[in-house]
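Peer 1: Once you've had a glance at the structure underneath, I'll fire off some questions.
The values are calculated or read from the model by the stated rules, or taken from the named source; none is laboratory data. Everything quoted here is computed from the prediction, not taken from an experiment. Cβ placement follows ideal geometry from the backbone for every residue including glycine, while neighbour counts extend to all protein chains displayed. Heads up: the accessible areas ignore ligands, DNA and RNA and are worked out on the full protein's heavy atoms, side chains in. Shrake-Rupley method; radii C 1.70, N 1.55, O 1.52, S 1.80 Å.
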Amino acid sequence: KKATRTRPITPSLRFTGKCEAARKLTVRSFGDSKITAIEHYTSDGPGAAGTVKEATFELCGRGFACADSPSDHANFAFSPAMSLFVDVADEEEIERAFAGLSEGGKVIMPLKEYPFAKRFAWLSDRFGMTWQLMLHA
């Protein structure tokens, strides 16, 4: 008999010492978003004391997990091959999200009208997370 999944799949984001700042930027950039839990490493490790051991937040009603990894990240990082797609509520939200997320980041496709959307942008934020923001026509 085939098993039925009863638990949701939760995106999990790993950082190297910048988890708390990235999480705060993300929650600040969108409505209907909030920090739900956080636990920091202590001097007992294995991560650096004060960095994020485990945290959760909601972005536009969807749950995410994040942490600062004590492991070496030389062989992996965020990439545009995997992005967070946000169908924004209105013009104000897309402007706020784009301004916050693009500051110190890299714009892949500028915020403007495209044939497939009234307003759209694709960018990497200053922490390397890639975002697609869309406001439908």
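Peer 1: Yes or no: G45 open to solvent by less than 60 Å² (accessible area, probe 1.4 Å), more than 17 Å from the chain's Cα centre (by Cα) and at pLDDT below 90?
Peer 2: Yes, satisfied.
Peer 1: Further question on the same structure: Name the single residue that is modelled with the lowest pLDDT among those in region 32-42 being outside any strand (DSSP E or B) and over 18 Å from M129 (Cβ atoms).
Peer 2: D32
Peer 1: Tell me, which residue of region 70-96 that is in contact with a helix residue (DSSP H, G or I) (Cβ under 9 Å, 6 or more places away or on another chain) and not in a helix (DSSP H, G or I) is modelled with the lowest pLDDT?
Peer 2: The qualifying residue modelled with the lowest pLDDT is V88.
Peer 1: In region 97-132, what residues are outside any loop (DSSP other than H, G, I, E, B) and within 21 Å of C66 (Cα to Cα)?
Peer 2: Once the filter is applied, which keeps residues that are outside any loop (DSSP other than H, G, I, E, B) and within 21 Å of C66 (Cα to Cα), region 97-132 yields A97, G100, L101, S102, L123, S124, T130, W131, Q132.
Peer 1: Here's something else I'd like to know. Based on this model, can you work out whether S83 counts as in contact with a strand residue (DSSP E or B) (Cβ under 8 Å, 6 or more places away or on another chain), open to solvent by less than 30 Å² (accessible area, probe 1.4 Å), over 21 Å from P11 (Cα atoms) and among the hydroxyl-bearing types (S, T, Y)?
Peer 2: Answer is no for this residue.
Peer 1: Of these, S124, S29, which one is touching a helix residue (DSSP H, G or I) at 6+ places or on another chain (Cβ under 9 Å), on the phi < 0 side of the Ramachandran plot and modelled with pLDDT under 95?
Peer 2: S29
Peer 1: I'm told S12 meets every condition in (1) at pLDDT below 90; (2) within 12 Å of the chain's Cα centre (by Cα) except one. Can you identify the failing condition by its number?
Peer 2: Just one mismatch for S12, condition (1).
Peer 1: Here's something else I'd like to know. Would region 28-36 turn up any residue that is hydroxyl-bearing (S, T, Y) and in contact (Cβ under 8 Å) with a residue 60 or more places away in the chain?
Peer 2: There is at least one residue in region 28-36 that is hydroxyl-bearing (S, T, Y) and in contact (Cβ under 8 Å) with a residue 60 or more places away in the chain.
Peer 1: Tell me, yes or no, whether region 8-21 has at least one residue that is of a type in the set (S, T, Y) and exposed (fewer than 12 other Cβ atoms within 10 Å of the Cβ).
Peer 2: Yes.
Peer 1: Further, regarding this structure: Quick check on region 48-74: of everything there that is charged (D, E, K, R) and surrounded by 10 or more Cβ atoms within 10 Å (Cβ to Cβ), which residue is farthest from the chain's Cα centre (by Cα)?
Peer 2: Among those that are charged (D, E, K, R) and surrounded by 10 or more Cβ atoms within 10 Å (Cβ to Cβ), it is K53.
Peer 1: Quick test for you: out of G104, G61, pick the one residue that is modelled with pLDDT of 95 or more and at positive phi.
Peer 2: Selected residue: G104, the only one of G104, G61 that is modelled with pLDDT of 95 or more and at positive phi.
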